Amino acid sequence: GSAGIVRALTPESSLTARIGASRKTARTPELANWSGSLAVGYYRDLPGGFSVYAEPSIAQARYGGIDPFFSERRKDRLLELQLSLLNRRINLRGFTPKVGFTLARRRSSIELYDYNQRRFEFGVTSAF
């Protein structure tokens, strides 16, 4: 599960904090894990209808058994920075286009799962 809080700083900005924990079960213990995460985000309305959001986060996972292929227990730490931008003045049948960019760095005790990632995302959002 997870819990979060949003705090308005000004009429144009807010701060978000989230914490989470979960248990993933599997038929074999080396695939089962406990994980936890923490994230803090900042939202800001900008001139011209633009809005920006930035969220750094950290997550850890500890697996339940020794992986038979690597002879060790897997532990991961994931660091991410997510950035997104949209313009509320652009309305396409009730939806607003959104562009995002994510930097991710996973450090794993098993090198196969260790990676750096850069990801661009394009999507739409709607206010309710």
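The values are calculated or read from the model by the stated rules, or taken from the named source; none is laboratory data. Computed from a predicted structure; not experimentally measured. Cβ: placed from backbone, ideal geometry, glycine included. Neighbour counts: every protein chain shown. These area figures cover heavy atoms from the full protein model, side chains too; ligands, DNA and RNA do not enter into them. Shrake-Rupley method; radii C 1.70, N 1.55, O 1.52, S 1.80 Å.
The table below gives the values:
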read-out: Taking N as its residue count, the alpha carbon Rg of the chain over 2.2 N^0.38 Å; value: 1.32
read-out: Rel. contact order, % - alpha carbon contacts under 8 angstrom, at least six apart, the chain; value: 16 percent
read-out: Efficiency of FRET between ALA26 and LEU81 - r from beta-carbon atoms, R0 22 angstrom, step 0.05; value: 0.15
read-out: Charge dipole magnitude, Cβ of K and R +1, D and E -1 - the chain, Cα centre, debye nearest 20; value: 180 debye
read-out: Leading residue at positive end of dipole, the chain (Cβ point charges), from ILE5, GLY64, SER51; value: ILE5
read-out: Carbon + sulfur, % of accessible area of the chain - ligands and nucleic acids excluded, 1.4 Å; value: 59 percent
read-out: Residue-normalised accessible area of the chain, given per residue in Å² at a 1.4 Å probe; value: 72 Å²
read-out: Selection of trypsin sites (Lys or Arg not before Pro), segment 1-107, meeting DSSP coil and at most 10 other Cβ within 10 Å; value: ARG27, ARG89, ARG93
read-out: Simple label model, 7 Å out from Cα along Cβ direction - THR102 to THR10, nm; value: 3.0 nm
